[in-house]
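Only the coordinates and a few stated rules stand behind these numbers; no lab work does. Worth saying up front: this structure is predicted, and the values here are computed from it rather than measured. We place every Cβ from the backbone using ideal geometry, glycine too, and count neighbours over all the protein chains shown.
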């Protein structure tokens, strides 16, 4: 049986929040497919840091109830450091937050759903969820 658990990248959450028609978002499609979304605490940080109005915080709290929230752990930090060293050696460094999210996916052996393919495709060993 297919694994129905995925790690949702920040780009997918932001896309959902920005779209007027939520049903056209990647996140909505995943929900309709019965996929269980997981979100790193790194993504929580990124999204809450971008919230500008008090009502945004309420919206985010409701939205994040859809997901399993995953802490960033020591094995993830060690994996992130290995990813960083490899990317740096190839002059392909990306944002640390994306490295942390990729490390979370790798440690938990979970595919990542992202709209930021350009960054995550640089990381060897990250499985990107591509089903529609």
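Name all residues of region 1-42 having a backbone nitrogen under 18 Å from the label point set 7 Å from the Cα of residue 53 along its Cα→Cβ direction, giving them as ranges.
14-22
What distance in nm separates the simple spin-label points at residue 86 and residue 20, each placed 7 Å from Cα in the Cβ direction?
Result for the modelled spin labels: 4.3 nm.
Mind checking the angle between helix 96-107 and the chain's longest principal axis? C-alpha axes, 0 to 90 degrees, to the nearest 10.
The angle comes out at about 80 degrees.
Which ordering of 22, 88 is given by a fewest-first count of other beta-carbon atoms within 10 Å?
Fewest-to-most ranking of 22, 88: 88, 22.
Can you give me the relative contact order of region 5-120 as a percent, contacts being Cα pairs under 8 Å and 6 or more apart?
37 percent.
At 4 °C and 1.567 mPa s, what whole-number value in µm²/s does Stokes-Einstein give for the translational diffusion of the chain, with Rh from the Kirkwood sum over Cα pairs?
Roughly 85 µm²/s, to the nearest whole number.
Order of 9, 58, 15, 98 from fewest to most other C-beta atoms within 10 Å?
Listing 9, 58, 15, 98 from fewest to most nearby Cβ atoms yields 58, 15, 98, 9.
What angle, in degrees between 0 and 90 and rounded to the nearest 10, separates the Cα long axis of helix 41-50 from the longest principal axis of the Cα atoms of the chain?
It is inclined by approximately 60 degrees.
Using mean Cβ contacts within 10 Å as the protection proxy, how do 66-79, 25-38 order, highest first?
Values: 66-79: 14.6, 25-38: 16.4.
Going from most to least packed, we get 25-38, 66-79.
Between residue 96 and residue 5, what is the FRET efficiency for a Förster distance of 25 Å, r being their Cβ-Cβ separation, to the nearest 0.05?
Rounded to the nearest 0.05, the efficiency is 0.55.
Find the centroid of the Cα atoms in region 15-64 and in region 86-120, then give the distance between the two in whole Å.
About 20 Å separates the Cα centre of region 15-64 from the one of region 86-120.
To the nearest 10 degrees, how steeply does helix 74-89 sit against the main Cα axis of the chain, on a 0 to 90 scale?
Roughly 60 degrees, rounded to the nearest 10.
So how much slack lies between residue 41 and residue 115, counting 0.36 nm per residue of separation and subtracting their Cα-Cα distance, in nm?
24.8 nm
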